[in-house]
Amino acid sequence: MNTGKGKFTDVSKDSGNGLKVKLSSRGAAFDDLDNDGDIDVVILNSRETPTVLRNDSENKGHWVQVRLIGVKTNRSGIGASVKVVAQDLTLVDEVHSGRGYQSHYGTRLHFGLGKRDKIDRIEVRWIGGGVDVFDGIAVDQRVTLTEGGS
């Protein structure tokens, strides 16, 4: 576990038995399955049911999840770049359609904001060249941003 001070501590004994499963696996998907602000994992196992690893750890910081809807560009916002500015923090991510063979990271982008309880702005650079700036977005929520809606 990240201590937040440049160090990690071993929490294996407290993390459950999800990674002790011995199966042949082909891929993984990462997304917030239960919409609680943290990332969960689904591992695709060959000829077996998937292994679901739910992240039930305590949320110690603020967050925002961004889903895009393209109007002039593709409907899922694939290829768009999203910048979240929250006080002294600037985070950038891009919407992808997939990340590898039988794997996916979802099309919602997750931004961890730590102690910052206010988002100054979210900038979206759409693949078609347009830019939208969204203000007044609260932390600790899922937000859907539509192209041309700034």
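When ILE78, ILE69, ILE119, ILE39 are checked against the criterion of being β-branched (Val, Ile, Thr) and either in contact with a helix residue (DSSP H, G or I) (Cβ under 9 Å, 6 or more places away or on another chain) or within 16 Å of ILE137 (Cα to Cα) (or both), ILE119 stands alone in meeting it. Screening ASP14 on (1) modelled with pLDDT under 85; (2) surrounded by 10 or more Cβ atoms within 10 Å (Cβ to Cβ) shows it passes everything except condition (2). Of the residues VAL85, VAL64, the single one that is of a type outside the set (Ser, Thr, Tyr), farther than 29 Å from LEU44 by Cα and at pLDDT 95 or above is VAL85. The criterion of at least 2 residues that are surrounded by fewer than 17 Cβ atoms within 10 Å (Cβ to Cβ) and among the β-branched types (Val, Ile, Thr) is met by the following strands (runs of 3 or more DSSP E) wholly inside region 94-149: 131-134, 141-146. Would you confirm whether or not region 73-85 contains a residue that is assigned to a loop (DSSP other than H, G, I, E, B), in contact (Cβ under 8 Å) with a residue 24 or more places away in the chain, surrounded by fewer than 16 Cβ atoms within 10 Å (Cβ to Cβ) and under 16 Å from the mean Cα position of the chain (by Cα)? Within region 73-85 (the criterion being assigned to a loop (DSSP other than H, G, I, E, B), in contact (Cβ under 8 Å) with a residue 24 or more places away in the chain, surrounded by fewer than 16 Cβ atoms within 10 Å (Cβ to Cβ) and under 16 Å from the mean Cα position of the chain (by Cα)), the answer is yes, since at least one residue qualifies. Under the condition of being in a strand (DSSP E or B), of a type outside the set (Ser, Thr, Tyr) and crowded, with 16+ Cβ neighbours inside 10 Å, the residues counted in region 46-72 number 8.
The values are calculated or read from the model by the stated rules, or taken from the named source; none is laboratory data. What you see is a predicted model; the values in this text were computed from it and never measured. No Cβ is skipped: glycine too gets one built from the backbone with ideal geometry, and neighbour counts run over all protein chains shown.
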